Amino acid sequence: MGSSPLSARPAIRLTRRMVIAGPLAVAGSALLRPRLAGASSGTAEIVAAPATAALRGADKPSTGVWAYNGTTPGPVIRIRQGEELSARLVNRLAQPTTIHWHGIRIDNRMDGVPHLTQHSVDPDGSFDYRFTPPDAGTFWYHPHERSYEQVARGLFGILVVEEKDPPVVDHDIVLVVNDWRLGSDGSFSEATLGSAHDRAHAGRLGNVLTTNGTTGYTAAFRVNDRLRLRIVNCSSARTLQLALEGASARVIARDGQPLSSPAAFAAPLVLAAGNRADIIVDMPAEPGARVALTDVSGDRRLLASFEPRADASARKTPLDLPVALAQSLVPAPDMRDHLPVDLVMTGGAKGEMDHSPAYASGPVWQLNGVAGMTETPLFSAPRGRTAAVRIVNRTAWAHGMHFHGHHFRVVAREGSPVPVDDTLWDTLLVAPGETVTIAFVADNPGRWMIHCHMLDHQAAGMDTWFEVQS
Ligand code: C2O
Ligand code: CU
């Protein structure tokens with residue numbers, strides 16, 4: 001691919017405002033507020049096009065990427081709960097694309113899945129998305145066409161739906177983590193896109209981790225500042241294991257849904273590809289103390305470093321205000337009358353050492369014995385019925401299973417009901433050999449995908465769909 005910067009055309013049109021997230025200039029933090037005070041019909045324009053990005057810092061050669069409005073991650077779109085989002089996708093790529101709004105309990109027609117909910121947007125075409133997210137929280141958006149390529153090349157952005165009454169913090173910061181596979185010269189590794197090996201193993205694992213589009217993300221804060229970090233894993237395959245040093249923190253939300261009560265941050269905090277976590281961090285009181293967010297999934301790698309900043313206006317004592325969010329609006333499943341569904345995963349390589357050529361082409365994963373999308377849905381639920389999906393992982397690999405249009409709870413593991421855990425998920429990591437049953441009220445009519453969010457797995461057969469009758 002070439003890299004044609006967006007210089008020739010305006011990246012964002014209509015109503016918008018650029019704001020810097022946090023107290024310092026932070027890379028990749030363009031912020032898009034589609035509706036400004038007084039504007040009655042704001043529409044955000046989101047242009048997908050090739051661009052370049054200084055992923056490894058300004059002093060190293062930049063990388064040819066695909067980007068929304070010229071940056072990867074794309075703009076942070078912020079709206080308030082109850083507001084309508086109106087966004088026009090403009091496709092300046094050489095291939096079709098769409099936008100899927102990940103984690104939103106959305107109107108099905110706006111879900112962005114080619115062939116299931118809309119026609120793909122051809123090069124130079126556009127599509128208007130318009131919906132009102134029911135839930136406040138941290139969500140993201142990305143293409144649903146050739147995701148293993150388009151997301152891997154940098155097409156993703158964040159959608160924040162602000163609570164009506166958010167907890168009081170000094171800074172509300174989005175941290176978008178992505179795992180890139182780059183050549184030694186910093187170029188995007190195009191030749192390995194969709195490789196047979198990645199498809200049959202752990203997916204496209206990278207070698208450069210960026211936060212908000214750069215390595216070495218740093219921001220400075222005053223002592224005792226309270227931060228809300230919205231951490232999003234946009235990686236194509238990597239499961240992050242987060243650790244936090246230098247401060248204690250509380251988790252207040254997972255996958256854009258509030259926990260019923262805040263939980264102490266316990267390392268490692270696991271974020272599969274697609275998962276989010278909102279955490280509250282109180283900066284230390286000692287001047288000079290530094291806070292580090294690291295990924296310990298492999299060699300320990302620094303994701304973000306929060307440095308102290310001398311400031312006479314600093315807080316004398318930490319904020320002593322509640323951080324709990326309002327309860328989730330997602331209805332609880334009714335297990336007395338549920339629709340039981342089996343989802344058995346098979347296929348893939350049997351282990352790291354299996355390099356047999358049997359999977360060199362074509363699908364390598366199956367759901368209930370079938371690779372890829374089928375004419376008929378995996379199941380069809382009457383609207384309002386609880387669906388309980390028993391996910392059986394008969395492969396040697398972990399999979400992050402994502403359900404569209406609904407959030408779900410884990411109700412049983414290995415066939416046994418689990419202690420009540422009302423954590424809500426839209427993407428659940430299922431370990432090799434594990435059996436886990438999830439349940440949700442199928443209350444959102446339409447056709448919804450289920451797929452592995454390890455995008456090479458999705459491309460290689462791990463996708464299916466279900467229907468909620470209207
Ligand atoms: Cu985040 Cu079907 O995708
Ligand atoms: Cu998978």
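This table checks each residue for (1) at negative phi; (2) away from ligand 2 (no atom under 16 Å from the Cβ); (3) surrounded by fewer than 24 Cβ atoms within 10 Å (Cβ to Cβ); (4) part of a loop (DSSP other than H, G, I, E, B).
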| residue | (1), (2), (3), (4) |
| --- | --- |
| THR386 | yes, yes, yes, no |
| VAL392 | yes, no, yes, no |
| GLY405 | no, yes, no, yes |
| ARG409 | yes, yes, yes, no |
| ALA412 | yes, yes, yes, no |
| PRO419 | yes, yes, yes, yes |
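For the range 113-164, give me every one of the strands (runs of 3 or more DSSP E) that falls completely inside it and has 1 or more residues that are within 16 Å of ligand 2 (Cβ to nearest atom) and modelled with pLDDT under 95. Please lay out each step first, then the result.
Details: elements: 126-131, 137-142, 157-162.
Filter on the range 113-164 gives an empty set.
Working carefully through the options THR437, THR376, find the one that is more than 16 Å from ligand 2 (Cβ to nearest atom), modelled with pLDDT of 95 or more and not in a strand (DSSP E or B). If you could, list the steps in order and put the result at the bottom.
Values: THR437 fails: not in a strand (DSSP E or B).
Matching residue, one of THR437, THR376: THR376.
Take the residues in the range 185-226 that are of a type in the set (Gly, Ala, Ser) and not in a loop (DSSP other than H, G, I, E, B), then tell me which one is surrounded by the most Cβ atoms within 10 Å (Cβ to Cβ). Walk me through how you get there before you give the answer.
Step one: list which residues in the range 185-226 are of a type in the set (Gly, Ala, Ser), which gives 186-187, 189, 191, 194-196, 200, 202-203, 206, 213, 216, 219-220.
Then keep just the ones that are not in a loop (DSSP other than H, G, I, E, B); that gives 196, 200, 219-220.
Numbers: ALA196: 18, ALA200: 25, ALA219: 23, ALA220: 16.
My answer is ALA200.
Identify the single condition in (1) hydroxyl-bearing (Ser, Thr, Tyr); (2) modelled with pLDDT of 95 or more; (3) more than 20 Å from TRP180 (Cβ to Cβ) that THR43 does not satisfy, given that it satisfies every other one.
The failed condition is (2).
Name the residues in the range 440-463 that are out of contact with any Gly (no Cβ under 8 Å at 6 or more places or on another chain) and part of a strand (DSSP E or B), would you?
Hits for the range 440-463 are PHE440, ARG447, MET449, ILE450, HIS451.
Name every residue in the range 338-354 that is exposed (fewer than 14 other Cβ atoms within 10 Å of the Cβ) and at pLDDT below 95, in order of residue number.
Result: LYS350, GLY351, GLU352, MET353, ASP354.
(1) in contact with a Leu (Cβ under 7 Å, 6 or more places away or on another chain); (2) on the phi > 0 side of the Ramachandran plot; (3) not hydroxyl-bearing (Ser, Thr, Tyr): which one isn't true of ASP135, the others all being true?
For ASP135, the failing item is (2).
So in the range 446-464, with the set limited to residues that are surrounded by fewer than 24 Cβ atoms within 10 Å (Cβ to Cβ) and of a type in the set (D, E, K, R), which one is nearest to ligand 2 (Cβ to nearest atom)?
My answer is ASP463.
Starting from the range 335-348, take each residue that is over 15 Å from GLY415 (Cβ atoms) and of a type in the set (D, E, K, R) and list its partners that are away from ligand 2 (no atom under 16 Å from the Cβ) and modelled with pLDDT of 95 or more, counting only C-beta distances under 8 angstrom and pairs at least six apart or across chains.
Partner pairs satisfying both residue conditions: ASP337/ARG385; ASP337/THR386.
The values are calculated or read from the model by the stated rules, or taken from the named source; none is laboratory data. These numbers come from a predicted model, not from an experiment. All Cβ positions, even for glycine, are placed from backbone atoms using ideal geometry, and neighbour counts span all protein chains on display.
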